[in-house]
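Encoded as structure tokens, the structure appears first; notes follow it.
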Amino acid sequence: MSGREPLLLAIESSCDETGVALVAGGRRILAQAVASQIALHAPAGGIVPELAARAHLRWIVPALRDVLESAGVTIPEVDGIAVTAGPGLAGSLLVGIAFAKTLAWAHQLPLVGVNHLEGHLYAAWLLDRDEPERPAPPFPLVALVASGGHTFLVEMRDHLAYRLLGETVDDAAGEAFDKAGRLLGLGYPGGPAIAVAATGARRRDAVLPRAWLGSSYDFSFSGLKTALRRQVEAELAAGARAGTEAGGRLDPLRVAELAWGFEEAVVDVLATKTLRAADETAARALVLGGGVASNVALRERIAAGAAERGLPVFIPPPDLCTDNGAMIGAAGWQRFVAGERAGSDLGARPAWPLVRPFGTPDTRRPPRRGPAARAYEAALAAERDAAGDVPVSVPGEDAR
Ligand code: KG4
Ligand code: ZN
């Protein structure tokens, strides 16, 4: 092991990409492979869990071979294995976990279970194989993770220590993009399809609502999706009356304008809240992660706001924003050096939150609406006041 950085073999299979990577010292990607299932799920317009699990099974060995070959590394040269343990689809997670456990057992290697969301966060620490060294994000920082299943803002004052600032109360940003993509008759996944369609908008004046939720850092995207649906329905009905509607579809130019308006609304809320969080917590850097962070409009908006403030921004390249194995190697490394190890009883945790508010069992989702949600919020606030501290996830706390 001397003379080189410890090497983690990282495995990700929580959703619809089979990712395998070799990451040295938690930052340097030696090799990675991502087997995407986009084409497999496109006909259904969304992920079919059973198909996803089978595809992981089909591609995980070829992905591992590919990575080992291109890095010129054999498994005995690896120092440990990191695998996504949750959140995600149970069947898909189990494929990666069983594979990682078997490799760890067969080669007597230490194993660590990684939270997928922590992976999205730590993707910002990664360096490509030939990329020159650059400093890691400095603390304290504010991080926005926006993916297909999650959207939240955290403050990090150190590695693995998170204070939840806000999260979505309904749809995740990526989920909203995907639903809007379907509404507009664009392909799956909706995020990239909307981003592409939006570039074709001639008029850039479609205004869709933003849910600011007062001064909170929480997000809500379901109202925006409903507003878009109503707009599409109204325009189709008007088209039908005027006899200009073509087969129940909007004109592609109009689709482009609405796609632009939708993207603009999501980006506006995400960027505004992230930048305000940076101001209010006196952050020294901004970090973005998750599939939606590959959105060019969002990246530009955050970069411009950060430049005004003189803040460095760390946004992974687009292929490291969406699901991949390398990010699990980066996060797994932090858990590894903190001394975490998973046993042969490591299981899938489909609803594993990255930051668990005080008092919430992590197997149950907190109530989101109505009296139950208000009671829950009040209990949470009381608990926070009583503790006089911030909810922090410490290394080891979530080892199993
Ligand atoms: O992080 P990710 O690959 O998987 C999850 O963990 O969910 O995120 C996938 C999500 C999808 O909802 C997809 O529509 C969205 O990220 N996405 C985008 C873009 N690329 C992917 N959303 C907006 N703009 C993009 N360019
Ligand atoms: Zn993801």
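The values are calculated or read from the model by the stated rules, or taken from the named source; none is laboratory data. What you see is a predicted model, and the numbers here were worked out from it, not measured in a lab. Cβ placement follows ideal geometry from the backbone for every residue including glycine, while neighbour counts extend to all protein chains displayed.
Name every residue in region 280-289 that is of a type outside the set (A, V, I, L, M, F, W, C) and farther than 10 Å from Leu311 by Cα, in order of residue number.
Glu280, Thr281, Gly289, listed by residue number.
On the basis of being within 27 Å of Gln334 (Cα to Cα), surrounded by 15 or more Cβ atoms within 10 Å (Cβ to Cβ), touching a Lys or Arg at 6+ places or on another chain (Cβ under 7 Å) and assigned by TED's automatic domain parsing to the domain that holds Pro110, does Leu64 make the cut?
It is false that Leu64 is within 27 Å of Gln334 (Cα to Cα), surrounded by 15 or more Cβ atoms within 10 Å (Cβ to Cβ), touching a Lys or Arg at 6+ places or on another chain (Cβ under 7 Å) and assigned by TED's automatic domain parsing to the domain that holds Pro110.
For region 142-174, what are the residues that are near ligand 1 (Cβ under 9 Å from one of its atoms) and either surrounded by fewer than 24 Cβ atoms within 10 Å (Cβ to Cβ) or β-branched (Val, Ile, Thr) (or both)? Give the derivation first.
So the first thing to find is which residues in region 142-174 are near ligand 1 (Cβ under 9 Å from one of its atoms), and the list is 145-150, 172-174.
Selection gives Val145, Gly149, His150, Ala172.
Could you tell me whether any residue of region 107-129 is more than 16 Å from ligand 2 (Cβ to nearest atom), assigned to a helix (DSSP H, G or I) and either over 16 Å from the mean Cα position of the chain (by Cα) or basic (Lys, Arg) (or both)?
yes
Could you identify the single residue in Ala124, Ala106, Ala98, Ala39 that is of a type in the set (Gly, Ala, Ser) and in contact (Cβ under 8 Å) with a residue 12 or more places away in the chain?
From the options Ala124, Ala106, Ala98, Ala39, the qualifying one is Ala124.
So, Ala338, is that one buried (at least 19 other Cβ atoms within 10 Å of the Cβ), out of contact with any Phe, Trp or Tyr (no Cβ under 6 Å at 6 or more places or on another chain) and not hydroxyl-bearing (Ser, Thr, Tyr) or not? Break it down into steps so the answer makes sense when it comes.
On the way: buried (at least 19 other Cβ atoms within 10 Å of the Cβ): no; out of contact with any Phe, Trp or Tyr (no Cβ under 6 Å at 6 or more places or on another chain): yes; not hydroxyl-bearing (Ser, Thr, Tyr): yes.
Answer is no for this residue.
Can you tell me how many residues in region 208-257 are of a type in the set (Asp, Glu) and either surrounded by fewer than 17 Cβ atoms within 10 Å (Cβ to Cβ) or at pLDDT below 90 (or both)? If you could, list the steps in order and put the result at the bottom.
Step one: filter region 208-257 for residues of a type in the set (Asp, Glu), giving 218, 233, 235, 245, 251, 257.
Now drop any that are not either surrounded by fewer than 17 Cβ atoms within 10 Å (Cβ to Cβ) or at pLDDT below 90 (or both), which leaves 233, 235, 245, 251.
Residues meeting the conditions: 4.
Exactly one of these conditions fails for Asp268: (1) buried (at least 21 other Cβ atoms within 10 Å of the Cβ); (2) within 16 Å of ligand 1 (Cβ to nearest atom); (3) assigned to a helix (DSSP H, G or I). Give me its number.
Condition not satisfied by Asp268: (1).
Given the criteria surrounded by 15 or more Cβ atoms within 10 Å (Cβ to Cβ) and outside the structural domain of Glu175 (by TED's automatic domain parsing), does His56 qualify?
It is true that His56 is surrounded by 15 or more Cβ atoms within 10 Å (Cβ to Cβ) and outside the structural domain of Glu175 (by TED's automatic domain parsing).
Here is a yes/no grid of residues against (1) without any contact (Cβ under 8 Å) to a residue 40 or more places away in the chain; (2) in contact with a Pro (Cβ under 9 Å, 6 or more places away or on another chain); (3) of a type in the set (A, V, I, L, M); (4) not assigned by TED's automatic domain parsing to the domain that holds Ala124:
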{"position": "Asp158", "(1), (2), (3), (4)": "yes, yes, no, yes"}
{"position": "Tyr162", "(1), (2), (3), (4)": "no, yes, no, yes"}
{"position": "Asp170", "(1), (2), (3), (4)": "no, no, no, yes"}
{"position": "Phe177", "(1), (2), (3), (4)": "no, yes, no, yes"}
{"position": "Val196", "(1), (2), (3), (4)": "yes, no, yes, yes"}
{"position": "Arg210", "(1), (2), (3), (4)": "no, no, no, yes"}
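Can you tell me which residue among Ala10, Ala31, Ala21 is hydrophobic (A, V, I, L, M, F, W, C), within 16 Å of ligand 2 (Cβ to nearest atom) and in contact with an Asp or Glu (Cβ under 9 Å, 6 or more places away or on another chain)?
Ala21
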